[in-house]
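The structure appears below as structure tokens.
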Amino acid sequence: MDWLINIFTDTNSVAHISLLFAIVIFVGVLLGKIKVGGISLGVTFVLFAGILAGHIGFTAPTDILNFIQDFGLILFVFCIGLQVGPGFFESFRKGGVELNLMSCLVILLNIGVMFACYYLFFDTSNPNNLPMMVGTLYGAVTNTPGLGAANEALNSVFPKGGVPQIASGYACAYPLGVLGIITATIAVRYICRINLDGEEAELQQDEEENPHAKPHTMYIRVANSYIAGRTLKQITEFLNHDIVCTRILHNGELSIPNRDTVLEVNDEIHVVCAEADAEAVQAFIGPAIEVNWPEEKDQPMVSRRVIITNPSMNGKTLGTMHFSSMYGVNVTRITRQGMDLFASRNHRFLVGDRIMVVGPEDNVNRVAEIMGNSTKRLNAPNIATIFIGITLGILFGSIPFAIPGMPVPLKLGIAGGPLLIAIFIGRYGYKVHLVTYTTTSANLMLREIGLVLFLASVGIKAGAGFWDTVVQGEGLKYVGTGFLITIIPILIVGPLARLKYHFNYFTIMGMLAGTYTDPPALAYANQVCSKEAPAVGYSTVYPLSMFLRIFTAEIIVIFCCGAA
């Protein structure tokens, strides 16, 4: 049995370290699936499993723990950046500006409440209390990347060791943080006297009354002699409205037009346009008519999701593809990394985008061939892009920015640097011929591996002093202040978003869940709403919120903890 004893006692052996992380991660993930009141802590329970392991002395060398912690953090934040990067700048479109402003206000209030609690309830002469409150802040807002950024910034503030183990504060605040977000969101509903059925009916009415979102199909006889002899491309430009011409009957012969098809007087065409544009299209081209085209039944209108896998499409804009005029189809929606984006003419395609194509079946198939639509091409991960980005991120994060009055130079560090580089690579990588696509499952796998390695390392390191710090110390204060940090900003901004900006309640729920980067809160919102409003609100503010959570973590630590 000596071999078994050695595995558990020889802390320097690879077998012991591997076994330690395997057990901590397995136990944490397993227990994290347990739901209480329909809510679970998910992989974050790995932190608590690590704390228990560290408390009973099941640990590993500090250097090894530090390396695994930092590598896990880099992998985690970089994959997050790749996910949010493509939609980061698109989130500031109409309606998104106000939502992001509300999100920024919540983040500032979280920080403000944290400092208020620190000065009201804690001994400010104790140098460990402020770092612990930073850990409490990121547990209260359920943001693990922020914890990682703060932890990494503390290493630069305390280069000679003695870094406070802020994970204890995080662990105290996190459980009630998850519960508090949902509870405070429900409280906003009663404060503003919101009727859920009425909110959902409002969303349904908005969808039905938006003429620009509803397609309108009609048959038109060309009657305007001005457009006779002109191409479909020219007519579309003259009209200045988006139309899709799917069929043309010319001299008794039915065909599929393209951008160079010439229209003549008395031609009959099948047109799809926005309902709001139907009257203008008829006034310019000709009257609507009833037709009997027997061949029409052979080419039904279909809608199909097409995956962009052709590398030559990387970086091309929707407008330059001329789908409407050349292929008689319309692109109605673009999905990237799980987020729906508006299909504007200036939208740039990236490998891995999924586009919704609507039109005649043959035309849709032709577009699918051009765009690639081959899932096999996506199975091979772009490992080189990931590690090129990580390299650039580490270098960028290591650049010191000297600011007068600051005790140490400001660095974005191994959290902020890779995150920023990943965002820009995800959005603009096509300009340097980088294919940044990673399948959603592969991205989630890399993120989860990085996250559990980080959480396990942090928990194991914090476990040795957890009992003295929390149970015998001021643990209940951290729990209580964490709950205040969670709910007070929601109770302020939620009613403000409703009463001043008149956002739909379900959109507010999504916005708050995205600001706290909290999937359980989004899952709850989706349970009570059958529409996509919560998901839209979540995805609109999530990119900026994630960036600000990480960035402000480093700013707080360097400015405040460094000065202290």
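Table: residues versus (1) surrounded by 15 or more Cβ atoms within 10 Å (Cβ to Cβ); (2) over 22 Å from L548 (Cβ atoms); (3) at pLDDT 70 or above; (4) among the polar types (S, T, N, Q).
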{"residue": "I403", "(1), (2), (3), (4)": "no, no, no, no"}
{"residue": "M406", "(1), (2), (3), (4)": "no, no, no, no"}
{"residue": "G416", "(1), (2), (3), (4)": "yes, no, yes, no"}
{"residue": "L420", "(1), (2), (3), (4)": "yes, no, yes, no"}
{"residue": "F424", "(1), (2), (3), (4)": "yes, no, yes, no"}
{"residue": "V432", "(1), (2), (3), (4)": "no, yes, yes, no"}
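Checked against the criteria, V351 counts as of a type in the set (A, V, I, L, M), at pLDDT 70 or above and over 21 Å from N258 (Cα atoms).
For region 515-527, filtered to residues that are open to solvent by less than 50 Å² (accessible area, probe 1.4 Å) and in contact (Cβ under 8 Å) with a residue 24 or more places away in the chain, the residue that is farthest from M546 (Cα to Cα) is A525. I'd like to know if region 522-535 contains one or more residues that are at pLDDT below 90, over 13 Å from the mean Cα position of the chain (by Cα), outside any helix (DSSP H, G or I) and at positive phi. Within region 522-535, not a single residue is at pLDDT below 90, over 13 Å from the mean Cα position of the chain (by Cα), outside any helix (DSSP H, G or I) and at positive phi.
Looking at this structure, is F323 open to solvent by less than 80 Å² (accessible area, probe 1.4 Å) and at pLDDT 75 or above?
So F323 passes the test.
Taken over region 212-229, the criterion of being of a type outside the set (F, W, Y), assigned to a strand (DSSP E or B), open to solvent by less than 70 Å² (accessible area, probe 1.4 Å) and modelled with pLDDT of 80 or more is satisfied by M218, I220. Residues in region 13-58 that are modelled with pLDDT under 80 and open to solvent by 30 Å² or more (accessible area, probe 1.4 Å): K35, V36, G37, G38, I39, S40, L41, V43.
May I ask you to verify whether I555 is at pLDDT 80 or above and over 14 Å from S103 (Cβ atoms)?
Details: at pLDDT 80 or above: yes; over 14 Å from S103 (Cβ atoms): yes.
So I555 fits the description; yes.
When L105, L101 are checked against the criterion of being open to solvent by 50 Å² or more (accessible area, probe 1.4 Å), closer than 30 Å to K500 by Cα, at pLDDT 85 or above and in contact with a helix residue (DSSP H, G or I) (Cβ under 8 Å, 6 or more places away or on another chain), a single residue qualifies: L105. The set of residues in region 229-285 being over 24 Å from V302 (Cα atoms) and small (G, A, S) consists of G229, G252, A280, A283. Residues that are modelled with pLDDT under 80, in contact with a Lys or Arg (Cβ under 6 Å, 6 or more places away or on another chain), open to solvent by less than 30 Å² (accessible area, probe 1.4 Å) and outside any helix (DSSP H, G or I): does region 282-300 have at least one? So far as region 282-300 goes, no, none of its residues is modelled with pLDDT under 80, in contact with a Lys or Arg (Cβ under 6 Å, 6 or more places away or on another chain), open to solvent by less than 30 Å² (accessible area, probe 1.4 Å) and outside any helix (DSSP H, G or I).
A search for C-beta distances below 8 Å between a residue of region 183-203 that is closer than 15 Å to P495 by Cα and any residue that is open to solvent by 70 Å² or more (accessible area, probe 1.4 Å), counting only pairs 6+ apart in sequence or on different chains, returns C192/L499.
Scoring Y119 on the criteria (1) modelled with pLDDT under 85; (2) of a type outside the set (D, E, K, R); (3) under 17 Å from G169 (Cβ atoms) leaves a single failure, condition (1). Residues in region 543-562 that are among the aliphatic types (A, V, I, L, M) and more than 10 Å from P145 (Cβ to Cβ): L544, L548, I555, I556, V557, I558.
If a residue has to be assigned to a loop (DSSP other than H, G, I, E, B) and open to solvent by less than 20 Å² (accessible area, probe 1.4 Å) to count, how many in region 491-514 make the cut? If you could, list the steps in order and put the result at the bottom.
Initial filter on region 491-514 (assigned to a loop (DSSP other than H, G, I, E, B)): 500-504.
After this cut, where a residue has to be open to solvent by less than 20 Å² (accessible area, probe 1.4 Å) as well, the list is 504.
Going through region 491-514 one residue at a time, the tally reaches 1.
Return the residue satisfying two criteria in turn: it lies in region 181-211 and is open to solvent by 80 Å² or more (accessible area, probe 1.4 Å) and part of a helix (DSSP H, G or I), and of such residues it is modelled with the lowest pLDDT.
If we take residues in region 181-211 being open to solvent by 80 Å² or more (accessible area, probe 1.4 Å) and part of a helix (DSSP H, G or I), then E209 is modelled with the lowest pLDDT.
Starting from residues that are surrounded by fewer than 18 Cβ atoms within 10 Å (Cβ to Cβ) and not hydroxyl-bearing (S, T, Y), keep the ones in region 245-255 and report whichever is nearest to T217 (Cα to Cα). It comes out as L254. Here N258 meets each of (1) under 42 Å from the mean Cα position of the chain (by Cα); (2) at pLDDT 75 or above; (3) open to solvent by 30 Å² or more (accessible area, probe 1.4 Å) with one exception, condition (2).
The values are calculated or read from the model by the stated rules, or taken from the named source; none is laboratory data. Note that this is a predicted model, so its numbers are computed, not measured. As a convention, Cβ positions derive from the backbone with ideal geometry for all residues, glycine included, and neighbour counts pool all protein chains shown. For accessibility, only protein heavy atoms count, side chains too; no ligands or nucleic acids. Shrake-Rupley method; radii C 1.70, N 1.55, O 1.52, S 1.80 Å.
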